[in-house]
Amino acid sequence: MAVWVCAQCGYQKEARCKPRKCPECGGAALTKREPPAAAEVAAAASDGRKKRAATSSAGRARAKA
Ligand SMILES: [Zn+2]
């Protein structure tokens with residue numbers, strides 16, 4: 001279960017799938033709020049992925065030039 005937070009009014013809704021729009025203000029900018037521990041792991045994982053991608057694309061650019 002994830003908690004979805006409206007970026008416009010701060011309304012929080014617990015749901016498995018992303019709500020199409022906020023029931024409070026009708027805004028579509030809902031972001032998933034993970035439990036703190038899981039969010040930290042996800043952030044670390046995506047950081048690593050970003051770094052690896054940047055390194056590999058830089059390497060490819062250098063190889064081409
Ligand atoms: Zn809202």
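Figure legend. Inter-residue proximity from region 1-24: first residues touching a residue at least 24 places away in the same chain (Cβ under 8 Å), second residues among the aliphatic types (A, V, I, L, M) and surrounded by fewer than 13 Cβ atoms within 10 Å (Cβ to Cβ), beta-carbon distance below 8 Å, spacing 6+ or different chains. Indicated pairs: Ala2/Ala15; Trp4/Ala15; Cys6/Ala29; Ala7/Ala29. Of all residues in region 1-51, those satisfying the criterion of being surrounded by 13 or more Cβ atoms within 10 Å (Cβ to Cβ) and either at pLDDT below 90 or at positive phi (or both) are Ala2, Arg33, Glu34.
The values are calculated or read from the model by the stated rules, or taken from the named source; none is laboratory data. These figures come from a predicted structure and were not determined experimentally. FYI the Cβ positions are ideal-geometry reconstructions off the backbone, even for glycines, and counts take in every protein chain you see.
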